[in-house]
Every structure is written in structure tokens, then in C-alpha cells.
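The values are calculated or read from the model by the stated rules, or taken from the named source; none is laboratory data. Model, not experiment: these values are computed from the prediction. Virtual Cβ from ideal backbone geometry, glycine too; neighbours counted across all protein chains shown. Side chains included, ligands, DNA and RNA excluded: accessible areas come from the protein's heavy atoms. Shrake-Rupley method; radii C 1.70, N 1.55, O 1.52, S 1.80 Å.
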Amino acid sequence: MTTLMLLLARHDGQEDLSFREMAKEYFGLEPEALERKMKNGRIQFDLPTKGANAIRTSRIPLTHLAKYIQERRAAAIGGMKEYGQD
């Protein structure tokens, strides 16, 4: 199964979810805190920044979330390989 398929199953086939839901469920943050972290580059999430309230009121495609999760997983696996070689 792919990450996208798992996300689609988790969200009853919906192709997107609200920014608020994503922030709380997948980042454990309030939407405002996630938005700040995204804007200052601490969380690299591929979303266009339109305006102050545009991000918080937008719907996030699950494809973007799946890509982010896969990138974080790959980075973690790479880090574990480096850690294991010491």
C-alpha cells in the first residue's frame, strides 16, 4: 500500500482535508502555529502561500500530505543508516 492509499482510507476516500484538521492530526499543532513554522521554513510543506488567512482556510490535497510524509520517512531512514554506521 502506498502512503496516499492509506491516507485516502483514513479519510473515507476524501481527496483533501482542511488545514486545521491536518495541523492537529498530523503535526500536533494549532493551525496558527503550523502556519508560522511553514512561513519561517521550519516545516517544509509544499503549499503556495497566498495570504494571511488563505492557508488556514484552504483544503490540503492528500497528495501533498503523502509526499511530505514520504520525504520525512526517507530522511529518517537515511539518518538511521548514518547513525548505525558509527
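In the set D12, D46, only one residue is under 14 Å from the mean Cα position of the chain (by Cα) and open to solvent by 90 Å² or more (accessible area, probe 1.4 Å); that residue is D46. Among all residues of segment 50-66, there is none that is open to solvent by 80 Å² or more (accessible area, probe 1.4 Å), part of a helix (DSSP H, G or I) and of a type outside the set (V, I, T).
Look at segment 7-27: where a residue is in contact (Cβ under 8 Å) with a residue 60 or more places away in the chain, no partner that is open to solvent by less than 90 Å² (accessible area, probe 1.4 Å) and among the acidic types (D, E) sits 6+ places away or on another chain with Cβ atoms under 6 Å.
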